[in-house]
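Here is the structure we will look at, set down as structure tokens.
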Amino acid sequence: KTTLTTTGIRCGVVSGEAFCCGGSDGNIHVLREGGPERWVGHSDIVSCVASCTTESGEPLLASGSYDGRIRIWNVNSGISLFVLEGHTSQIKGVQFINGHLGVMGVGRDDAMRLWQLPEELETEENANAPPAHDEGEDGEVEGDEDSSAHTRGYGPKKIECSAVLGLPSSPLCAVSQPESESPLIAVGLSGGDMAIVKANKFLSTVSNYTKINGSEAKKERKRLEALLKAEEKKESQLRKKAIRNKKKELTKDQQTEETDKKNAGRAERNAAKQLKRAAEKEEADDEEEEEQEAPEEEEPEDEDEEEEGEGVTLTDERQAALEEFKEQTKKDSDERIKSLRTSVAERKQLLEPIATKKFEREAKQFEDLSFTRYHPKAASETIQCIALNGATAIVAAGGRLALVDGTPGVRSL
């Protein structure tokens, strides 16, 4: 049976029970038992496709386009689940890594990029979205951009890349071996150069990098929260202590004032008694003048005087002063806590880029990594295509074939 499409076919792969092709019109053309389909999503040529199957048996398709985006599709439903953004130029290769957990793209922006997908692919946003395709009668494919799930308002989830690996020169072609236990991705570069990446090692390196950064940022956030809590408690204790000391001070002042008044009253009473005695002496007989004067009697001290601050009721004036002090102390304490909270919030904000920091390596660092191999002048002319057989790359360039060792982490033998 022959199926005609309305555009040129640029690439294709078998995914589940379907044969998925990338078209020059930016659509995915799908052939399967139910008839041809067209999935709308890209805005430029679909240059590469790759497939994988999840642990639950769900077939997935990754499509790379000259629009600089990679889309992840549910093959059974035709729904675009994710849009992977990051490349700034045409995409020349795409590959799943470790099932569906990682996706690697090779772009003409001279970089390889890696995305990490969630284990659970269906989201509430797109679980009920209609398929991004239309089927016509007699197997003809109909529809336009309005038939996509994205343009219907459901929208696949956008994911930013987790890693950027600079390439020594511009990529022209890319190939991978997804069925291998230790898959390699080989990229033909301009000038006959070739770059090879051990995909699983790349993914695990990036995963560890993001986990460590996330863990360190989490520890720092916990430390800041504990510090803030301790400082708030300390500030509360200092405020209460200051209020207690102020109350003691006011109470002591009041007690001193009351004591001074008592002493002044006692002195007045003693002076009055002395005057009275002097008057009595003048009126007394001469015989009485010879008698000794009776000793002065002083008022006994208060035996049951209360301890400092206890049982003392402050005057209205001092109580008002204490309330004013409480308000001012609380205001000052709240200002200090607010300032501390602001500092902690700013520090947490600085941690966000660390927790989500990308794994980035420049092109000059490419051959220094443990999961890469760079072959300058692997071929004398521009590499047209590559095939992988284990760690050996078979390179086609200028009408000749060359065997190149692709063992990662080796500079030279």
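Numbers at a glance
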item	result
In region 91-113, the residues that are in contact with a helix residue (DSSP H, G or I) (Cβ under 6 Å, 6 or more places away or on another chain) and open to solvent by 40 Å² or more (accessible area, probe 1.4 Å)	Asn98
Which listed residue, of Lys201, Lys241, Lys234, Lys261, is within 32 Å of the chain's Cα centre (by Cα), surrounded by fewer than 12 Cβ atoms within 10 Å (Cβ to Cβ) and not β-branched (Val, Ile, Thr)	Lys234
Exclusive hit being touching a helix residue (DSSP H, G or I) at 6+ places or on another chain (Cβ under 8 Å), buried (at least 18 other Cβ atoms within 10 Å of the Cβ) and on the phi < 0 side of the Ramachandran plot, set Phe366, Phe359	Phe359
Matching residues, region 387-408, being β-branched (Val, Ile, Thr) and more than 19 Å from Ile97 (Cα to Cα)	Thr392, Ile394, Val395, Val404
Selection count where residues are under 24 Å from the mean Cα position of the chain (by Cα) and either over 19 Å from Ser47 (Cβ atoms) or of a type in the set (A, V, I, L, M) (or both), scope region 62-97	6
Matching residues, region 335-384, being modelled with pLDDT of 90 or more, part of a helix (DSSP H, G or I), within 21 Å of Ser204 (Cβ to Cβ) and among the hydrophobic types (A, V, I, L, M, F, W, C)	Phe366
Filter result (of a type in the set (Asp, Glu) and touching a Gly at 6+ places or on another chain (Cβ under 8 Å)) within region 54-84	Glu55, Asp67
Complete set of residues in region 385-404 that are in a strand (DSSP E or B), more than 13 Å from Val175 (Cβ to Cβ) and in contact (Cβ under 8 Å) with a residue 24 or more places away in the chain	Ala397, Ala402
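To keep it simple, each residue is scored yes or no on (1) modelled with pLDDT under 90; (2) under 30 Å from Glu324 (Cα atoms).
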position	(1), (2)
Leu189	no, no
Asn200	yes, no
Thr205	no, no
Lys241	no, yes
Leu250	yes, yes
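For every residue, the table says whether it meets (1) of a type in the set (Phe, Trp, Tyr); (2) free of Cβ contacts under 8 Å to residues at least 40 places away in the same chain; (3) more than 26 Å from Glu85 (Cβ to Cβ); (4) assigned to a helix (DSSP H, G or I).
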{"position": "Pro178", "(1), (2), (3), (4)": "no, no, no, no"}
{"position": "Ala186", "(1), (2), (3), (4)": "no, no, no, no"}
{"position": "Gly191", "(1), (2), (3), (4)": "no, no, yes, yes"}
{"position": "Ile196", "(1), (2), (3), (4)": "no, no, no, no"}
{"position": "Lys201", "(1), (2), (3), (4)": "no, no, no, yes"}
{"position": "Ala217", "(1), (2), (3), (4)": "no, no, no, yes"}
{"position": "Glu220", "(1), (2), (3), (4)": "no, no, yes, yes"}
{"position": "Gln237", "(1), (2), (3), (4)": "no, yes, yes, yes"}
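The values are calculated or read from the model by the stated rules, or taken from the named source; none is laboratory data. The shown structure was predicted, so the numbers you read here are calculated from the model rather than taken from an experiment. For neighbour counting, all protein chains shown are included, and Cβ atoms are generated from backbone atoms with ideal geometry for every residue, glycine included. Heavy atoms of the whole protein, side chains included, go into the accessibility calculation; ligands, DNA and RNA do not. Shrake-Rupley method; radii C 1.70, N 1.55, O 1.52, S 1.80 Å.
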